[in-house]
Amino acid sequence: MDCLFCKIINKTIKSDIIHDDKECIAFNDINPQAPVHFLIVPKKHIPTVLDIKEEDKKLIGHMVSVANKICRDRKIDLRGFRLVFNCNPDSGQVIYHIHMHVLGGRKMNWPPG
Ligand code: 5GP
Ligand code: ZN
């Protein structure tokens, strides 16, 4: 399958991996929008959040747990951080393999642009 994130998962394409387990990987975003900006990506190819099925619910919960652990390790947990899933064109989704953006290390604006 011609999917950039599947290639990162199977290590055909190099990335700066910060977490790797049976269900998901996390790596630093190539174009960071904050001092901390990494992506948590399930190993299962799911194109958009609209394609998440009943059987994937545990996987999505696991991705949030991994985000929490990394944010605690990096000591940005108490200051705060933002978790973002983009879905479809209006959101700016570019890679059609779901990924959770984890952004932190600076004050965020609301509403987002
Ligand atoms: P989206 O807009 O689909 O929610 O986010 C895709 C993200 O993937 C963007 O923040 C972009 O910078 C990041 N990205 C795109 N290509 C690569 C790559 O080859 N390596 C890494 N590490 N990040 C990438
Ligand atoms: Zn994929």
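The values are calculated or read from the model by the stated rules, or taken from the named source; none is laboratory data. Please read these numbers as outputs of a predicted model, since none were measured by experiment. So basically every Cβ, Gly included, is an ideal-geometry build from the backbone, and we count neighbours across all protein chains shown. With ligands, DNA and RNA removed, areas are computed over all heavy atoms of the protein, side chains included. Shrake-Rupley method; radii C 1.70, N 1.55, O 1.52, S 1.80 Å.
Screening Asn86 on (1) crowded, with 16+ Cβ neighbours inside 10 Å; (2) in a loop (DSSP other than H, G, I, E, B); (3) more than 16 Å from ligand 2 (Cβ to nearest atom) shows it passes everything except condition (3).
I want to confirm something. Restricting to the stretch 89-102 and keeping residues that are surrounded by fewer than 20 Cβ atoms within 10 Å (Cβ to Cβ) and farther than 13 Å from Pro47 by Cα, which single residue is farthest from ligand 1 (Cβ to nearest atom)? Among residues in the stretch 89-102 that are surrounded by fewer than 20 Cβ atoms within 10 Å (Cβ to Cβ) and farther than 13 Å from Pro47 by Cα, the one farthest from ligand 1 (Cβ to nearest atom) is Asp90.
Within the stretch 59-80, count every residue that is over 13 Å from the mean Cα position of the chain (by Cα), surrounded by 14 or more Cβ atoms within 10 Å (Cβ to Cβ) and outside any loop (DSSP other than H, G, I, E, B). Quick ask: steps written out before the conclusion?
Residues of the stretch 59-80 that are over 13 Å from the mean Cα position of the chain (by Cα), as a first pass: 69, 72-80.
Those left that are additionally surrounded by 14 or more Cβ atoms within 10 Å (Cβ to Cβ): 74, 76-77.
With the extra rule that they be outside any loop (DSSP other than H, G, I, E, B), the set shrinks to none.
Of the residues in the stretch 59-80, 0 are over 13 Å from the mean Cα position of the chain (by Cα), surrounded by 14 or more Cβ atoms within 10 Å (Cβ to Cβ) and outside any loop (DSSP other than H, G, I, E, B).
Within the stretch 103-113, being under 24 Å from Ile25 (Cβ atoms) and either within 11 Å of ligand 1 (Cβ to nearest atom) or open to solvent by 40 Å² or more (accessible area, probe 1.4 Å) (or both) holds for one residue alone: Leu103. Taken over the stretch 71-92, the criterion of being in contact with a helix residue (DSSP H, G or I) (Cβ under 7 Å, 6 or more places away or on another chain) and under 16 Å from Leu39 (Cβ atoms) is satisfied by Phe81, Leu83, Phe85, Cys87. Within the stretch 91-113, being more than 30 Å from Asp2 (Cα to Cα) and touching a residue at least 60 places away in the same chain (Cβ under 8 Å) holds for Gly104, Gly105, Arg106, Met108. Each residue in the stretch 1-27 was checked for being without any contact (Cβ under 8 Å) to a residue 24 or more places away in the chain and either in a loop (DSSP other than H, G, I, E, B) or exposed (fewer than 15 other Cβ atoms within 10 Å of the Cβ) (or both), and 11 of them qualify.
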